[in-house]
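Asker: Sharing a structure, written as structure tokens. Questions coming.
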Amino acid sequence: IKTLAKAFLEKKDDKNALIWLRLAAKLAPKDCEVSVIFGQALVAADSMDPAIIQLTRAKECMPENPSIYLSLGDAYFKIGVKPLAISNYQKASELAPKNRDIQLKVARSLSSNKQYNEAIDAYIKAEKIDSTYPDPYLEHGRILVLAKFYKQAIPPLGKFVKLSPKHLEGSVLYTKALYGYDLFAEASSAAKTSLQLDSNNVDIWRIRAF
């Protein structure tokens with residue numbers, strides 16, 4: 001039954017997978033692997049309460065499995081219980097410290113909970129895990145620009161625009177950071193690039209005119 005459920009999951013047939021996983025869970029309620037797979041499938045199906053029950057059960061017998069904490073974090077985040085989402089993401093990251101995607105979820109959950117200082121630390125960790133992955137640089141820089149910490153925003157956004165030169169938001173944020181820190185010549189040059197991506201951006205035209 002478990003093998004059949006996995007086969008349906010591999011085919012992205014979540015409906016039939018859940019049918020067989022429910023049966024597997026009834027027949028083998030102490031099977032940890034079933035609880036993990038069932039819980040993760042329930043998260044994907046937006047059935048959070050039963051997912052949390054299954055994943056909590058799995059955590060008790062597989063406490064060193066980072067994917068369980070990751071899925072619990074996803075479940076709690078989706079229902080808006082951000083402190084529990086954060087703690088589960090952090091535990092997953094502790095168990096898998098070189099996983100950039102888990103670390104990014106730590107950062108995003110902290111940012112969503114308005115714990116910006118902690119989020120910045122988490123973004124920096126994600127950047128160190130994989131320096132070629134652009135997303136942490138953008139999100140890190142966005143927080144700093146919104147807080148008007150322009151000087152601190154320049155390095156992550158500068159890195160981002162090198163990795164993703166055609167990304168409009170990143171280009172605009174980088175331009176604003178340079179301008180906000182009174183680097184007017186650099187801001188004018190960055191504004192030119194931004195306008196090539198969006199010629200109707202009024203804020204960038206103002207910087208360019210300056």
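The values are calculated or read from the model by the stated rules, or taken from the named source; none is laboratory data. As the structure is a prediction and not an experimental result, all values here were calculated from the model. For neighbour counting, all protein chains shown are included, and Cβ atoms are generated from backbone atoms with ideal geometry for every residue, glycine included. The protein model used for the area step is the full one, side chains on, heavy atoms only, and it has no ligands, DNA or RNA in it. Shrake-Rupley method; radii C 1.70, N 1.55, O 1.52, S 1.80 Å.
Asker: With the cut-off at 1.5 for a/c, could you classify region 152-210 from its C-alpha gyration tensor as rounded, prolate or oblate? Write out the running numbers ahead of the final one.
Answerer: Values: a/c = 2.01, a/b = 1.11, b/c = 1.81.
Here region 152-210 falls in the oblate category.
Asker: Using a/c under 1.5 as the rounded threshold, could you call region 92-210 rounded, prolate or oblate? The axes a ≥ b ≥ c are square roots of the C-alpha gyration tensor eigenvalues, and prolate needs a/b larger than b/c, oblate otherwise.
Answerer: The shape class here is prolate.
Asker: Probe of 1.4 angstrom, ligands and nucleic acids ignored: what's the accessible area per residue over region 109-151, in square angstrom?
Answerer: Details: 2320 Å² over 43 residues.
So region 109-151 comes to 54 Å² accessible per residue, rounded to a whole number.
Asker: So how far, in whole Å, is the C-alpha centre of region 129-193 from the one of region 15-60?
Answerer: 42 Å
Asker: Let me ask something additional. Which three numbers, in whole Å and largest first, are the semi-axes of the equivalent ellipsoid of the chain derived from its Cα gyration tensor as √(5λ)? Working shown, then result.
Answerer: Values: eigenvalues 375, 60, 35 Å².
The equivalent ellipsoid of the chain has semi-axes of 43, 17, 13 Å.
Asker: Would you please classify the overall shape of region 50-130 from the alpha carbon gyration tensor, given that a ≥ b ≥ c denote the square roots of the eigenvalues, rounded means a/c under 1.5, and beyond that prolate means a/b larger than b/c while oblate covers the rest? Please report the intermediate quantities before stating the final value.
Answerer: On the way: a/c = 2.79, a/b = 1.40, b/c = 2.00.
Because a/c hits 1.5 or more and a/b fails to exceed b/c, region 50-130 counts as oblate.
Asker: Using DSSP to define loop residues, name the trypsin sites (Lys or Arg not before Pro) in region 3-78 whose beta-carbon has at most 13 other beta-carbon atoms within 10 Å.
Answerer: On the way: sites: 6, 11, 12, 15, 22, 26, 30, 57, 59, 78; in loops: 11, 12, 30.
Within region 3-78, the qualifying trypsin sites (Lys or Arg not before Pro) (loop, at most 13 other Cβ atoms within 10 Å) are 11, 12, 30.
Asker: Under a Cβ-Cβ cut-off of 14 Å, what is the net charge of the residues other than residue 73 that fall near it, where Lys and Arg count +1 and Asp and Glu count -1?
Answerer: Details: positive: 59, 78, 82, 91, 105, 108; negative: 74, 94, 101.
Surrounding charge for residue 73 is +3.
Asker: If you average the sequence gap of Cα pairs under 8 Å that are 6 or more apart and divide by the length of region 126-173, what percent do you get for the contact order? Don't jump to the answer; show the numbers that get you there.
Answerer: Details: 42 pairs, mean separation 16.9, N = 48.
That works out to 35 percent.
Asker: Compute the Rg/Rh shape ratio of region 1-61: radius of gyration over Kirkwood radius, all on alpha-carbon atoms.
Answerer: Rounded to two decimals, Rg over Rh is 0.93.
Asker: Considering only protein heavy atoms and a 1.4 Å probe, what is the carbon-and-sulfur percentage of the accessible area of region 34-141?
Answerer: 51 percent
Asker: Exactly which GluC sites (Glu not before Pro) in region 1-65 are in a DSSP loop and have at most 16 other Cβ atoms within 10 Å?
Answerer: Working: sites: 10, 33, 60, 64; in loops: 64.
For GluC sites (Glu not before Pro) across region 1-65 that sit outside H, G, I, E and B with at most 16 neighbouring Cβ atoms in 10 Å, the list reads 64.
Asker: Do any trypsin sites (Lys or Arg not before Pro) in region 101-147 lie in a DSSP loop with no more than 13 other beta carbon atoms within 10 Å, and if so, which?
Answerer: Values: sites: 105, 108, 114, 125, 128, 142; in loops: 114.
The qualifying sites are 114.
Asker: As a check on your grasp of the helix formula, calculate [θ] at 222 nm for the chain: sum -39500 (n - 2.57) over DSSP H runs of n ≥ 4, divide by the residue count, round to the nearest 500. Present the calculation step by step, with values, prior to reporting the outcome.
Answerer: Details: 13 runs with 165 residues, N = 210.
For the chain, the value works out to -25000 deg cm²/dmol.
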